[in-house]
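Working notes for the structure below.
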Amino acid sequence: MAGHRPQIPAFWWVNGMGAEIKWSFEELGKQSRKAANVLQGMCGLQPGDRMMLVLPRLPEWWLVSVACIRTGAVMIPGVSQLTEKDLKYRLQASRAKSIITSDSLAPRVDAISADCPSLQSKLLVSNSSRPGWMNFRELLREASTEHNCVRTKSQNPMAIYFTSGTTGAPKMVEHSQASYGLGFVASGRQWVDLTKSDIFWNTSDPGWVKAAWSLFSAWSNGSCIFVHELPRVDVKVILNTLSSFPITTFCCVPTIFRLLVQEDLTRYQFQSLRHCVTGGEALNPDVREKWKSQVGLELHEGYGQSETVLICANLKGMKIKAGSMGKAFPPYDVQVVDDEGNILPPGEQGNIAVRVKPTQPFCFFSCYLDNPEKTKASEQGDFYITGDQAHKDKDGYFWFTGRNDDVINSSSYRIGPVEVENALAEHPAVLEAAVVSSPDPVRGEVVKAFIVLSPAYSSQDPKKLTQELQEHVKRETAPYKYPRKMAFVSELPKTTSGKIQRNILRRQEWGEMRGTPRK
Ligand code: ATP
Ligand code: MG
């Protein structure tokens with residue numbers, strides 16, 4: 001396609017300290033063929049063999065991903081914050097034959113590799129050498145540029161993703177050549193609005209499924225993938241990068257948008273930015289409103305899972321209803337069902353479910369690897385049950401309530417944490433909030449809010465502030481939902497991808513009273 005697109009690279013990497021790499025599609029093709037020869041020749045990977053990719057945002061991640069597809073090896077991305085224990089769990093569970101990682105993680109792999117008998121080769125992305133490791137950069141330099149892509153079938157495995165582990169041990173989700181290879185094309189076009197003129201920046205760590213949009217979606221739509229090494233989340237770096245590079249399309253998680261809107265955004269000029277998307281957890285309407293009023297651009301929220309690619313979205317041009325995660329995204333038929341799998345009428349809260357019978361949608365996952373019981377348990381009648389709750393309105397918009405376990409049952413009222421958190425977020429004192437259930441001798445359980453205060457409010461009297469916030473929630477939403485308990489904290493527990501782990505706060509609450517967690 002290179003001849004028919006504007007003069008922008010296929011891949012553009014910067015590290016913020018002057019280093020920069022730009023590849024055309026032609027160069028990318030050449031480099032990825034070399035990388036494929038390293039995987040086949042030096043690591044001896046055959047189609048179906050598994051390879052773990054645990055790299056920070058380095059160009060090699062993109063090369064090795066394409067090389068896996070060329071060789072038929074199954075890629076298993078992992079985030080770069082993995083500890084020795086995490087690595088051991090993932091290498092043992094996946095029986096990966098090979099791993100590629102960076103200097104900072106190699107010692108952790110060495111510490112546990114004796115316990116991972118399937119692991120046969122280790123590739124290091126580094127400018128120096130390390131005993132027991134092959135140097136990927138050196139091998140790449142010497143590798144041949146000739147490579148014949150293996151032929152795979154649509155149902156052959158292509159990728160195994162570990163879920164975020166928001167509610168427990170991460171699960172291994174296997175996707176086929178068809179589900180990921182094609183599943184991301186349409187959502188890239190219609191939700192992320194990617195075209196061959198776009199330069200797309202997605203801040204996600206390459207280990208999370210969200211990064212797959214800046215692999216499959218971007219290149220299949222002819223767009224340029226922009227990457228900043230971003231060793232840690234730094235709001236100023238993000239805003240300066242959006243100002244100084246011709247980035248047209250931007251994606252990051254709601255947690256980061258929450259931080260970005262704390263800044264005076266009118267001081268920045270994002271000259272080329274035209275489309276913004278977010279997802280992975282609920283977006284507070286207040287954050288969307290602040291982004292929109294200061295940047296002048298809409299924030300298009302999407303909802304999906306490692307298991308499914310995109311399930312619902314606010315597509316470009318669609319009317320956006322504040323607080324809704326949009327409508328079902330084709331080919332999915334998305335319904336709200338009760339615990340027996342019966343479709344509920346508009347307005348009623350229940351399980352978000354995706355129809356998988358009689359025909360399984362092509363972008364749906366193959367299975368939870370080595371866990372047929374769990375795969376089976378996720379189905380109810382004709383539907384796959386996501387484990388999330390919502391209601392659908394009469395126009396087909398979905399309104400997220402919370403994950404099943406996060407929904408609070410107080411005096412028989414079912415209260416979703418997200419609605420209460422959104423109400424709290426509208427108060428200027430609140431930087432972030434997480435709402436969970438807490439034991440109560442009369443009501444069984446009540447709503448408790450953990451709040452991180454905005455700096456300007458951090459020295460205010462907590463008692464007065466509690467009352468003020470309680471009154472505020474009663475005004476903003478149905479009064480029975482107001483948090484009867486409140487705690488001010490310096491930070492909220494989060495997964496490394498930035499999702500709030502309400503289950504940890506809930507366990508704290510219930511553990512304190514009974515010594516055992518509630519759910
Ligand atoms: P685990 O399954 O290991 O507990 P996880 O569910 O967080 O972790 P992912 O597959 O990365 O792992 O995330 C999918 C989940 O993220 C969804 O099931 C949902 O709970 C949440 N999510 C994604 N997008 C949104 C959104 N727009 N609004 C609310 N929640 C969202
Ligand atoms: Mg999940």
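The values are calculated or read from the model by the stated rules, or taken from the named source; none is laboratory data. Just so we're clear, the structure is a prediction, and the values are computed from it rather than from any experiment. Positions of Cβ are backbone-derived with ideal geometry, glycine not excepted, and every protein chain shown enters the neighbour counts.
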Being touching a residue at least 24 places away in the same chain (Cβ under 8 Å) and more than 16 Å from the chain's Cα centre (by Cα): is that true of F245 here? yes
Return only the number of the condition from (1) within 15 Å of the chain's Cα centre (by Cα); (2) farther than 21 Å from Q92 by Cβ; (3) among the charged types (D, E, K, R) that K171 does not satisfy. (2)
Checked region 319-332 for anything surrounded by fewer than 15 Cβ atoms within 10 Å (Cβ to Cβ) and farther than 12 Å from W399 by Cα; matches are K319, P330, P331
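Any chance you could count how many residues in region 478-490 are in a loop (DSSP other than H, G, I, E, B) and either in contact (Cβ under 8 Å) with a residue 40 or more places away in the chain or crowded, with 20+ Cβ neighbours inside 10 Å (or both)? Steps first, please.
Step one: filter region 478-490 for residues in a loop (DSSP other than H, G, I, E, B), giving 478, 482-484, 489-490.
Checking which are either in contact (Cβ under 8 Å) with a residue 40 or more places away in the chain or crowded, with 20+ Cβ neighbours inside 10 Å (or both) leaves us with 482-484.
Residues in region 478-490 being in a loop (DSSP other than H, G, I, E, B) and either in contact (Cβ under 8 Å) with a residue 40 or more places away in the chain or crowded, with 20+ Cβ neighbours inside 10 Å (or both): 3 in total.
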Answer yes if at least one residue in region 86-93 is more than 25 Å from the chain's Cα centre (by Cα), without any contact (Cβ under 8 Å) to a residue 12 or more places away in the chain and either surrounded by fewer than 13 Cβ atoms within 10 Å (Cβ to Cβ) or farther than 16 Å from A35 by Cβ (or both), and no otherwise. no
From the set of residues in region 370-412 that are surrounded by fewer than 17 Cβ atoms within 10 Å (Cβ to Cβ), within 14 Å of D338 (Cα to Cα) and among the small types (G, A, S), which is nearest to the chain's Cα centre (by Cα)? G387
Residue ID - farthest from ligand 2 (Cβ to nearest atom), chosen from residues in region 271-280 that are in contact (Cβ under 8 Å) with a residue 60 or more places away in the chain and crowded, with 21+ Cβ neighbours inside 10 Å: V277
Lone qualifier among W208, W213 - being more than 16 Å from ligand 2 (Cβ to nearest atom) and either at pLDDT below 95 or over 18 Å from D86 (Cβ atoms) (or both): W213
Starting from region 152-173, take each residue that is in contact (Cβ under 8 Å) with a residue 12 or more places away in the chain and of a type in the set (F, W, Y) and list its partners that are part of a loop (DSSP other than H, G, I, E, B) and within 15 Å of ligand 2 (Cβ to nearest atom), counting only C-beta distances under 6 angstrom and pairs at least six apart or across chains. Y161/S306; F162/P170
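So if I check each of D395, D388, which one is assigned to a strand (DSSP E or B) and either touching a Leu at 6+ places or on another chain (Cβ under 8 Å) or at pLDDT 95 or above (or both)?
Values: D395 fails: assigned to a strand (DSSP E or B).
Criteria check complete, one pass: D388.
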Whichever residue in region 14-35 is small (G, A, S) and within 16 Å of E146 (Cβ to Cβ) and, among such residues, is surrounded by the most Cβ atoms within 10 Å (Cβ to Cβ): A35
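Restrict the check to region 220-232 and report whether at least one residue is among the small types (G, A, S) and without any contact (Cβ under 8 Å) to a residue 60 or more places away in the chain. Walk me through it before giving the result.
If we filter region 220-232 for residues that are among the small types (G, A, S), which is where we start, we get 220, 222-223.
Those left that are additionally without any contact (Cβ under 8 Å) to a residue 60 or more places away in the chain: 220, 223.
Yes, region 220-232 contains a residue that is among the small types (G, A, S) and without any contact (Cβ under 8 Å) to a residue 60 or more places away in the chain.
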Residue count, region 1-56 (criterion: farther than 28 Å from T195 by Cα, in contact (Cβ under 8 Å) with a residue 24 or more places away in the chain and part of a loop (DSSP other than H, G, I, E, B)): 7
Matching option when the condition is hydrophobic (A, V, I, L, M, F, W, C) and buried (at least 19 other Cβ atoms within 10 Å of the Cβ), among L297, L242: L242
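Restricted to region 36-55, and to residues that are touching a Gly at 6+ places or on another chain (Cβ under 9 Å) and within 27 Å of F226 (Cβ to Cβ), which residue is surrounded by the fewest Cβ atoms within 10 Å (Cβ to Cβ)? Before you say what the answer is, go through the steps one by one.
Taking region 36-55 first, the residues touching a Gly at 6+ places or on another chain (Cβ under 9 Å) are 45-49, 52-55.
If we keep only those that are within 27 Å of F226 (Cβ to Cβ) too, we end up with 52-55.
Working: M52: 28, L53: 23, V54: 26, L55: 26.
So, considering only residues that are touching a Gly at 6+ places or on another chain (Cβ under 9 Å) and within 27 Å of F226 (Cβ to Cβ), the one surrounded by the fewest Cβ atoms within 10 Å (Cβ to Cβ) is L53.
Can you tell me which residue in region 281-313 is farthest from ligand 2 (Cβ to nearest atom), limited to those that are assigned to a strand (DSSP E or B) and not hydrophobic (A, V, I, L, M, F, W, C)? Show your work before the answer.
The first filter runs over region 281-313 and keeps only residues assigned to a strand (DSSP E or B), leaving 299-305, 309-313.
Now restrict to residues that are not hydrophobic (A, V, I, L, M, F, W, C): 300-305.
Details: H300: 22, E301: 17, G302: 15, Y303: 12, G304: 10, Q305: 5 Å.
Selected residue: H300.
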Go through (1) away from ligand 1 (no atom under 16 Å from the Cβ); (2) in a loop (DSSP other than H, G, I, E, B); (3) in contact with a strand residue (DSSP E or B) (Cβ under 9 Å, 6 or more places away or on another chain) and name the single condition S144 misses. (3)
Residue in region 154-167 that is nearest to L492 (Cα to Cα), counting only those that are among the small types (G, A, S) and more than 6 Å from ligand 1 (Cβ to nearest atom): A159
Scanning region 325-370 residue by residue, the ones that are without any contact (Cβ under 8 Å) to a residue 40 or more places away in the chain, of a type in the set (D, E, K, R) and in a loop (DSSP other than H, G, I, E, B) total 3
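Buried (at least 20 other Cβ atoms within 10 Å of the Cβ) and within 22 Å of P56 (Cα to Cα): does that describe N135? Let's see the steps before the verdict.
Values: buried (at least 20 other Cβ atoms within 10 Å of the Cβ): no; within 22 Å of P56 (Cα to Cα): yes.
So N135 does not fit the description; no.
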It is to be established whether one or more residues within region 170-182 are within 16 Å of ligand 1 (Cβ to nearest atom), in a helix (DSSP H, G or I), under 25 Å from P361 (Cβ atoms) and not acidic (D, E). yes
